[in-house]
Amino acid sequence: MERLSPPVGYMLGEDQQVQDVLAVEAELLRSEGIDPAWPGFEEPRADTTPHQQ
Amino acid sequence: MTGREDSKRRKQLSASEVERAERILHLAWLSLPPAHRALLEAIGASQWQVVDQPLGAAVDGFLRSAGHRALPLSAQRKLDLALGVWIQELRIILVHAGHTKLADLDKATYEAFIARTAWHEWGHALSVVRCSQEDIAAGRRLLDLAPVGIREGVRGAGYRSSDYTHELVAETYALLMARRQREASGKPLWLDDEIYNLVKRVTGWSD
């Protein structure tokens, strides 16, 4: 079968932690007056279908 | 430490931990604008699976079991470090929920970051399929226009310059979704016009 280029994944730098990434995001949000606290997700209606394989 | 060595050292996720990650991905999917979900379905990026093994080995296994050639070892080693990936041939996104960088996070941080990883991968998939060669060639210049934290993050992760545009679109898409999740819309003040217009064209962003 045809091979596309190897997929490129989402990587963090060796010394970069999850908290560092979220701190960058929080700083950008704060800069425009948005509360960076994670608001969570609203629970979906019962009739939605998951796409998980 | 390689991904495989790393996986030997940490404990496997429990079934409930895998289920939790799957639930977050489902909710992240539902948080997307309906038009974006339709676009992702059209390009084959609407399926996902949570895995608990380094992604190089996981992608190789998925490809071979579907009749594709094995992934070269060098590509496997690089992917072992990743938190998420879209396999274009198989039309599926994989998220490594047991990645060491996700260990010991509190509940809110874990949920926020798994959602961010999913948003990043959906933005990345749209970028790979819809960016032009000119967009890709402009990656270095576009990255210079990005907010400093984003620019440093992409450069520090060791991507090739030919990946810069896709990573920038993916990161910007994840950030726009993070804003949307907080009920903010419109062009952010911190985002350059050229990047915003690229993301709008490639992902269908219309806020």
*Which condition number in (1) over 17 Å from B:Ala97 (Cβ atoms); (2) open to solvent by 10 Å² or more (accessible area, probe 1.4 Å) is the one that B:Ser16 fails?*
(1)
*Can you name the condition, by its number, that B:Ser206 falls short on among (1) assigned to a helix (DSSP H, G or I); (2) in contact (Cβ under 8 Å) with a residue 60 or more places away in the chain; (3) of a type outside the set (Val, Ile, Thr)?*
(1)
*How many residues does the range B:76-124 hold that are of a type in the set (Gly, Ala, Ser), touching a strand residue (DSSP E or B) at 6+ places or on another chain (Cβ under 8 Å) and either under 16 Å from B:Met177 (Cα atoms) or free of Cβ contacts under 8 Å to residues at least 24 places away in the same chain (or both)?*
1
*For the range B:129-163, how many residues are part of a helix (DSSP H, G or I), touching a residue at least 60 places away in the same chain (Cβ under 8 Å) and either open to solvent by less than 40 Å² (accessible area, probe 1.4 Å) or more than 12 Å from chain A (Cβ to nearest Cβ) (or both)?*
2
*Of the residues B:Ile43, B:Ile93, which single one is surrounded by fewer than 19 Cβ atoms within 10 Å (Cβ to Cβ), under 22 Å from B:Tyr159 (Cβ atoms) and of a type in the set (A, V, I, L, M, F, W, C)?*
B:Ile43
_Among (1) part of a helix (DSSP H, G or I); (2) within 13 Å of another protein chain (Cβ to nearest Cβ), there is one condition B:Leu189 misses while meeting the rest; what is its number?_
(1)
*Restricting the search to the range B:94-126, which residues are over 19 Å from A:Glu25 (Cβ atoms) and small (Gly, Ala, Ser)?*
B:Ala97, B:Gly98, B:Ala103, B:Ala125
*Keeping to the range B:89-118, report how many residues are modelled with pLDDT of 95 or more, farther than 13 Å from B:Ala28 by Cα and at the interface with chain A (Cβ under 7 Å from one of its Cβ atoms).*
6
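The values are calculated or read from the model by the stated rules, or taken from the named source; none is laboratory data. Values in this document were obtained by computation on a predicted structure and should not be read as measured data. A quick note on method: Cβ atoms are made from the backbone with ideal geometry, for glycine too, and the neighbour counts reach across all protein chains shown. What goes into the accessible areas is simple: the full protein's heavy atoms, side chains included, and nothing from ligands, DNA or RNA. Shrake-Rupley method; radii C 1.70, N 1.55, O 1.52, S 1.80 Å.
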